[in-house]
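So the structure is just underneath, and the comments pick up after that.
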Amino acid sequence: MYINGEWLHAKSEKTREIINPFNQEVIATAVEGNAEDAKTAIQAARVAFDEGSWSTMPASERGAIVNKIGSLIERDLEELAELETLDTGKTVQESREDMADIANVFFYFAGLADKDGGEVIASPIPNSESKVVREPVGVCGQITPWNYPLLQAAWKLAPALASGNTLVMKPSEITPLTTVKVFELMEEAGVPKGVANLVLGAGKSVGAELASNHDVDLISFTGGIETGKTIMQAASDNMKKIAFELGGKNPNIVFADADFETAVDQALNAVFFHAGQVCSAGARLLIEESIHDEFVEELVERTKRIKLGNGFDEDTQSGPMISAEHRAKVESYVEIGKNEGAKLVVGGKRPDDPELQNGFFYLPTIFTNCTSDMRIVQEEVFGPVLTVETFQTKEEAVQLANDTIYGLAGAVWTQDLSKAEFVAARLRMGTVWINDFHPYFAQAPWGGYKQSGIGRELGREGMEEYTELKHIFRNKQPEPIKWFK
Ligand SMILES: NC(=O)c1ccc[n+]([C@@H]2O[C@H](COP(=O)([O-])OP(=O)(O)OC[C@H]3O[C@@H](n4cnc5c(N)ncnc54)[C@H](O)[C@@H]3O)[C@@H](O)[C@H]2O)c1
Ligand SMILES: C[N+](C)(C)CC=O
């Protein structure tokens, strides 16, 4: 753990073994902090913020430090990518792309650091001056999940630092390795002591302390809805600001006039990339009825060919699930789907391949004959499981797509631009892709409608989450009002 500029053991001296999900080998031993460690880190962040040298440093200097972090990530890209693959099982090619994205996130927010000089507004009061400025929120608690460990951390660290906050981060207890490494890089880049603190440990202890502690001014959380609700309740005690990136059950709408080859190819990628452990995975295929049979037949053939394996092997297309518990959850959802009457057309079990028996693998799985009232359609499985529904009109496609408590992302495939725009305008989701699936980048805001989240990460809006707005009014000719004579 990194607290107040020092690398520390947990007060309890407890540790946790970090497991490679490909073969269950222990790849590291991490310290296991608790609420006491979190309190110490929060105190360090509080003192660093209140002392003021970070928040009042010229923004361009802060930006230069954030930029340096991005450069150091680029320098150590290969090491970081390998760590991420060891920890999560994702392919090393995917990890490399994540690391390049992560460096760009630091560069982007570094560039924004000195761009907002406030705004002078037209005051209706004579002889006065009115301006609106943005200031850092204060001490930020930041809690991240295991599926994109460093990427989700970067989306929080870079804007928080660039806008002058101090912070305490808690990564997922099962995937802390790249976050630890980036805190080393932040130290090397010159982030002053106390400004960025790292506490490892479980959600129920370290995370709960960050959510409830009154010295934390903002809690930024990426993870599941149920955890989000718990954090929201804890955060209400001191009305801290909240920023939540939660789950999704994202529709992928394919019209009959879409380019067939591209739509099939991308429907596979939409749902099975990273073994479906993606918040924005296209887990609900909505297909125009007239092409259902042909489309599903092709999808099933290609699904059978997906090569599962070690993320370090060149020919591996998808790695394992993150843990035994998570695979068991996916398996229980497949049973639910079968019992609800959905038709299992491929997958639905663990692979037989002897080389995969030590990993938490699960075969890419497709259910057809699905309807919106099924749990397998409504609930986030967060694994390689696709449900297929059909529609006849664009209105029906929109109605089905929006029939969910989630609102993270969705896609529409058609060569008819007016149809695409009709659908895009009506999807109640934070991101809509037309003839594509998955793109996200530092310049565009990311976040959810409905129960998929509160607030935005990335883009200017992602920076603004870490600021408070202040209106400063100056009377240029003060004189008595004489109301109270
Ligand atoms: N919207 C997005 O951008 C986005 C991105 C990635 C993941 N996710 C979501 O994350 C979920 C998967 O991640 P997960 O399984 O790690 O989620 P999770 O909610 O189980 O855990 C996320 C983090 O919260 C911590 N936590 C757990 N209980 C806590 C508590 N009581 N108080 C405070 N912190 C606590 C965990 O230790 C972990 O660090 C999925 O639902 C996925 O959709 C969303
Ligand atoms: C936000 N994203 C797509 C990078 C990861 C979601 O799990």
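The values are calculated or read from the model by the stated rules, or taken from the named source; none is laboratory data. Given the structure is predicted, the values throughout are model-derived calculations rather than measurements. Cβ placement follows ideal geometry from the backbone for every residue including glycine, while neighbour counts extend to all protein chains displayed. Quick note on the areas: whole protein, heavy atoms, side chains included, nothing else; ligands and nucleic acids left out. Shrake-Rupley method; radii C 1.70, N 1.55, O 1.52, S 1.80 Å.
Summary of values
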{"quantity": "Charged-residue dipole, Cβ positions (Lys, Arg, Asp, Glu), the range 268-355 about Cα centre, Debye nearest 20", "calculated": "340"}
{"quantity": "Computed over the chain: relative contact order in percent, which uses C-alpha pairs under 8 Å that are six or more apart", "calculated": "18"}
{"quantity": "MRE, 222 nm, helices only [DSSP H, n ≥ 4, -39500 (n - 2.57), over the chain, to nearest 500]", "calculated": "-11500 deg cm²/dmol"}
{"quantity": "Length added when fully stretched, residue 479-residue 229, from 0.36 nm per residue minus Cα-Cα", "calculated": "84.9 nm"}
{"quantity": "Segment residue 302-residue 434, extension gain: residue separation times 0.36 nm, minus the distance between their alpha carbons", "calculated": "45.2 nm"}
{"quantity": "Highest average packing first - 27-34, 475-482, Cβ atoms within 10 Å", "calculated": "27-34, 475-482"}
{"quantity": "Largest-first ordering by accessible area, 1.4 Å probe, given options 62, 75", "calculated": "75, 62"}
{"quantity": "Reachable aspartates and glutamates, given that their alpha-carbon falls under 15 Å from the alpha-carbon of residue 115 and they are not under 8 places away in the same chain", "calculated": "61, 135, 461, 464"}
{"quantity": "Where the range 251-434 is the region considered: accessible area per residue in Å², 1.4 Å probe", "calculated": "41"}
{"quantity": "Calculated diffusion of the chain, Stokes-Einstein form, Kirkwood radius summed over Cα pairs, 4 °C and 1.567 mPa s, µm²/s", "calculated": "55"}
{"quantity": "Surface share of carbon and sulfur [accessible, 1.4 angstrom probe, percent] for the chain", "calculated": "50"}
{"quantity": "For peptides 165-171, 16-22, sequence by mean Cβ density within 10 Å, most packed first", "calculated": "165-171, 16-22"}
{"quantity": "Per-pair calculated FRET efficiency, R0 = 45 Å: residue 336 and residue 50 via Cβ, rounded to 0.05", "calculated": "0.35"}
{"quantity": "For the range 1-137, accessible area per residue (1.4 Å probe, heavy atoms of protein chains only), Å²", "calculated": "48"}
{"quantity": "Cross-link pairs 11/450; 14/307; 90/240; 170/193; 14/181; 229/329 - those with Cα-Cα distance over 29 Å", "calculated": "11/450; 14/307; 90/240"}
{"quantity": "Rounded accessible area of residue 304 (nearest 10 Å², 1.4 Å probe)", "calculated": "130"}
{"quantity": "Förster radius 22 Å - calculated FRET efficiency between residue 328 and residue 372 (Cβ-Cβ, nearest 0.05)", "calculated": "0.25"}
{"quantity": "Label point distance in nm, residue 425-residue 13, each placed 7 Å from Cα along Cα→Cβ", "calculated": "6.7"}
{"quantity": "Highest-first arrangement of 432-444, 346-358, where packing means the average Cβ count within 10 Å", "calculated": "432-444, 346-358"}
